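The structure appears below as structure tokens.
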Amino acid sequence: MRIQPAEPAFDSDGTPYSPAYGDVYHSADSGPGQARHVFVGGNDLPRRWAGARVFTILETGFGLGLNFLATWREWRADPARCERLHFVSIEKHPFARDALKTLHLRYVEFAPFAEQLQLAWPLLVAGLHRLHFEDERLTLTLAFGDVLELMPRLRLYADAIYLDGFAPRCNPEMWSSQLMQGLARLARPGTTIATYSSAGMVRQGLEAAGFTLEKCPGFGRKRDMLRGSFAPRWPPRRSREQAPEPTRRHAIVIGAGLAGAAISERLARRGWQIDLIERRAPPAAQTPGMHAGVFHPHISRDDCILSRAARNGFLYAVARWLALEQAGQALAWARCGVLQLAGDSQRAQRMTAAIAALGYPPDYAQYVERAAAETLAGCRLRGGGWWFSGAGWMRPLGLIAAQLAAAGSALTPHFGIGVHAIVRSGGEWQALAADGAPIATAPVLVLANSNDTTRLATIAQRLNNIRGQITYLPADILTAPRVVLTGSGYVLPAAGGVVVTGSTYDHDNDDPALQVQSHEANLVRLAQLLPDAQLALDASKLDGAVGFRCVAPDRMPLVGAMPDVDAARAHKADLSGAHLTDLPRCPGLYCASAYASRGLAWAALAGELLASLIEGEPLPLEGDLADALDPGRFVLRQARHAKL
């Protein structure tokens, strides 16, 4: 979906106004006053969040963010506040950062909070954007897009609802019966709701959806408002049951690569203790020649599932890495920009058409012609391509070390120990060594061990193990680009006297040693990217690195609760028309694997997704995207086709 930003405007009284909808953003009497009276007070906050571990607020219509800022201020001032506050808000026409900054100057009481919001404000692209504040005890999840499209895709249970938006006569879809039913799906008995509108259609729609309401004094010139709670006359049908809360906040994570490190850091931030088990020894100190990976978005003309999910992953990863640096962790990376070259004229036409159709802001993605591409790269190229200015390269070992350091004392590492098996007994998981001795015991276990995942627990699907070799070249033998170039392969800017180029994609090859033919293939790819890099080198004398990608058949990661395949097979007759919510699961067992070539882009989001699933928090991405990553998807497909 193309996001059309809102433009700042004011009515005759000087109140922020939307020409598109013909209505003001808040009461002419006071925006902050309306936020406190109608939404904070109307939901009986802060009393209702007092002492809670996690409290979730859902809002329709972020606008200027005044309801969020007022809630933040109340939460910050409350000594009995909940441990973690989630605020999820949908906005079809968000303001750009500079516009928001200008508008916020009018509300001096919110200045310290508004400044933090402006600094964290995301790019205006469709989907969910998760922002963390207050040492991550306060999380804002912004959902950019149409409310009727996004509401069914949200995965959360709200404790309080702010029903906001332009007046029903100006924006009827924000008050439709369809939206009210969507709110009911995300509510649970006792969930409160408040809105400034007391219109009959609003009351009727909410009551039909299961809310009980009362009129009460409105704010300023508004005589009445509505407040109430969700009290359905029938048991609500839940589309997805919440996982039972673990008996203690302790997890085993198997695998200390990109996946396991990110998950460990995300759980540690929520107060969990983690036993991290890795069969290999701790990685040696990083050297300039160590492997560096590329991170950038994925684009498709139809904005497919992969493109949407990878967009979430890319944006969240960059935000997390910046936060790690701000917290004092050292990373070896560069947001130098990535040029994904077209390669030929037909591909160039498709790339140009995709950008035109999707309408991305230039600071996310744009198409650049050859001359502009050469200026960016600082070298001769064969054509133009997609330019991702916020993308670049990262050394994974440094990122892993930073995440494990950030987990601090919450982490107990077990390096150099292989897990022979996992068993569940007495409501807890055990990771067992080859001699049968337990390495660690916890109620939650996360498999983050790449291709080794399916040795310990099945998903009824084989994962592919695809070899990849990269080549290290001395920087003084070629003119390296100033940015990352990708296409048939990739080449990075020189760093530490080394240029990294690659990578092969070798099926049916499990050789961990460097191969001459792979170096030769990488040199061919390099010449396709850099026409001046026709290097006459002895490939047998080149250095490099070999890794193995774990790839699922549909090339999407596996992130989520593990299916109980034996139970599914025992009840396969009942699963022919089933959904993912109907699949039996292994309690407390989760998976994060099959990142293929996009480990840097997937790992942070996958860690946040798993932590949110385990903690019962709102998910950081849309439900259909979470389903596309669900490890149970292969079991479900087989059951539907009677092949389980």
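The values are calculated or read from the model by the stated rules, or taken from the named source; none is laboratory data. What you are looking at is a predicted structure, and each value in this text was computed from that prediction instead of being measured. Neighbour counts are summed over all protein chains in view; Cβ atoms, including those assigned to glycine, are modelled from backbone coordinates with ideal geometry.
Take residues that are among the hydrophobic types (A, V, I, L, M, F, W, C), surrounded by 13 or more Cβ atoms within 10 Å (Cβ to Cβ) and touching an Asp or Glu at 6+ places or on another chain (Cβ under 7 Å) and tell me which of the strands (runs of 3 or more DSSP E) falling wholly in segment 408-451 contain 1 or more.
Details: elements: 411-415, 421-425, 428-432, 438-442, 444-447.
By residue number, 411-415, 438-442.
Which of the residues spanning segment 134-185 are out of contact with any strand residue (DSSP E or B) (no Cβ under 9 Å at 6 or more places or on another chain), of a type in the set (K, R) and without any contact (Cβ under 8 Å) to a residue 12 or more places away in the chain?
Those that are out of contact with any strand residue (DSSP E or B) (no Cβ under 9 Å at 6 or more places or on another chain), of a type in the set (K, R) and without any contact (Cβ under 8 Å) to a residue 12 or more places away in the chain: none in segment 134-185.
Quickly run through segment 5-40 and pick out the residues that are in a loop (DSSP other than H, G, I, E, B), in contact (Cβ under 8 Å) with a residue 60 or more places away in the chain and not hydroxyl-bearing (S, T, Y).
Matches in segment 5-40: P5, E7, P8, A20, G22, A28, D29.
I'm trying to understand the selection: among the residues of segment 30-53, which are touching a helix residue (DSSP H, G or I) at 6+ places or on another chain (Cβ under 9 Å), under 15 Å from P79 (Cα atoms) and not charged (D, E, K, R)?
Result: L45, P46, W49.
How many residues are farther than 24 Å from M394 by Cβ and touching a helix residue (DSSP H, G or I) at 6+ places or on another chain (Cβ under 8 Å) when one looks only at segment 495-516?
If we filter segment 495-516 for residues that are farther than 24 Å from M394 by Cβ, which is where we start, we get 507-511, 513, 515-516.
Filter once more, keeping what is touching a helix residue (DSSP H, G or I) at 6+ places or on another chain (Cβ under 8 Å): 516.
Total meeting the criteria: 1.
Just give me the residues in segment 104-116 being of a type outside the set (D, E, K, R), surrounded by fewer than 22 Cβ atoms within 10 Å (Cβ to Cβ) and either in contact (Cβ under 8 Å) with a residue 24 or more places away in the chain or in contact with an Asp or Glu (Cβ under 6 Å, 6 or more places away or on another chain) (or both), in sequence order. Reasoning before the result, please.
Step one: filter segment 104-116 for residues of a type outside the set (D, E, K, R), giving 104-105, 107-108, 110-114, 116.
Those still in the list that are surrounded by fewer than 22 Cβ atoms within 10 Å (Cβ to Cβ) too: 104-105, 107-108, 111-112, 116.
H104, Y107 - these are the residues of segment 104-116 that are of a type outside the set (D, E, K, R), surrounded by fewer than 22 Cβ atoms within 10 Å (Cβ to Cβ) and either in contact (Cβ under 8 Å) with a residue 24 or more places away in the chain or in contact with an Asp or Glu (Cβ under 6 Å, 6 or more places away or on another chain) (or both).
Among the residues of segment 124-134, is any within 24 Å of A20 (Cβ to Cβ), of a type in the set (F, W, Y), in the same structural domain as A52 (by TED's automatic domain parsing) and buried (at least 16 other Cβ atoms within 10 Å of the Cβ)?
Looking only at segment 124-134, we keep the residues that are within 24 Å of A20 (Cβ to Cβ), and these are 124-129.
Remaining after also requiring of a type in the set (F, W, Y): none.
Within segment 124-134, not a single residue is within 24 Å of A20 (Cβ to Cβ), of a type in the set (F, W, Y), in the same structural domain as A52 (by TED's automatic domain parsing) and buried (at least 16 other Cβ atoms within 10 Å of the Cβ).
Could you give every pair whose Cβ atoms fall below 9 Å, whose first residue belongs to segment 509-521 and is farther than 21 Å from L473 by Cβ, and whose second residue is part of a loop (DSSP other than H, G, I, E, B), counting only separations of at least 6 or pairs across chains?
Between residues of segment 509-521 that are farther than 21 Å from L473 by Cβ and residues that are part of a loop (DSSP other than H, G, I, E, B), the close pairs are N509/Q515.
For A187, work out the one condition from (1) under 18 Å from L154 (Cα atoms); (2) more than 33 Å from the chain's Cα centre (by Cα) it doesn't fulfil.
Failing condition for A187: (2).
Scan E91, E149 and give me the residue that is assigned by TED's automatic domain parsing to the domain that holds G65 and surrounded by 22 or more Cβ atoms within 10 Å (Cβ to Cβ). Even if it seems obvious, please write down each step before you answer.
Details: E149 fails: surrounded by 22 or more Cβ atoms within 10 Å (Cβ to Cβ).
Result of the check over E91, E149: E91.
Just one of R237, R227, R233 is modelled with pLDDT of 95 or more and charged (D, E, K, R); which is it? Reasoning before the result, please.
Numbers: R237 fails: modelled with pLDDT of 95 or more; R233 fails: modelled with pLDDT of 95 or more.
Exactly one of R237, R227, R233 is modelled with pLDDT of 95 or more and charged (D, E, K, R), namely R227.
Given the condition touching a residue at least 12 places away in the same chain (Cβ under 8 Å) and under 24 Å from F314 (Cα atoms), answer yes or no: does some residue in segment 64-82 qualify?
Step one: filter segment 64-82 for residues touching a residue at least 12 places away in the same chain (Cβ under 8 Å), giving 64-76, 78, 80-82.
The next check asks that each one be under 24 Å from F314 (Cα atoms); those that pass are none.
Taking every residue of segment 64-82 in turn, none turns out to be touching a residue at least 12 places away in the same chain (Cβ under 8 Å) and under 24 Å from F314 (Cα atoms).
Out of R203, R169, I need the residue that is in a helix (DSSP H, G or I), among the basic types (K, R) and more than 27 Å from A80 (Cβ to Cβ). Which one?
Details: R169 fails: in a helix (DSSP H, G or I).
When all the criteria are applied, what remains is R203.
With (1) outside the structural domain of G260 (by TED's automatic domain parsing); (2) touching a Ser or Thr at 6+ places or on another chain (Cβ under 7 Å); (3) at negative phi as the list, and L411 as the residue in question, which single condition is left unmet?
(1)
Out of all the residues in segment 462-482, which are assigned to a loop (DSSP other than H, G, I, E, B) and under 25 Å from the mean Cα position of the chain (by Cα)? Can you show your working first?
Of the residues in segment 462-482, the ones assigned to a loop (DSSP other than H, G, I, E, B) are 462-463, 478-482.
L463 - this is the single residue of segment 462-482 that is assigned to a loop (DSSP other than H, G, I, E, B) and under 25 Å from the mean Cα position of the chain (by Cα).
Matching residues to (1) aromatic (F, W, Y); (2) assigned to a helix (DSSP H, G or I); (3) within 16 Å of L600 (Cα to Cα):
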residue	(1), (2), (3)
A319	no, yes, yes
G328	no, no, no
R347	no, yes, no
T375	no, yes, no
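Give the residues of segment 50-82 that are touching a Leu at 6+ places or on another chain (Cβ under 7 Å) and at positive phi, sorted by residue number.
Once the filter is applied, which keeps residues that are touching a Leu at 6+ places or on another chain (Cβ under 7 Å) and at positive phi, segment 50-82 yields only G65.
Hey, can you tell me all the residues within segment 85-139 that are in a helix (DSSP H, G or I) and in contact with a Pro (Cβ under 7 Å, 6 or more places away or on another chain)? It would help to see each step written out before you state the result.
So the first thing to find is which residues in segment 85-139 are in a helix (DSSP H, G or I), and the list is 97-104, 108-120.
Matches in segment 85-139: A99, T102, L103, E109, F110.
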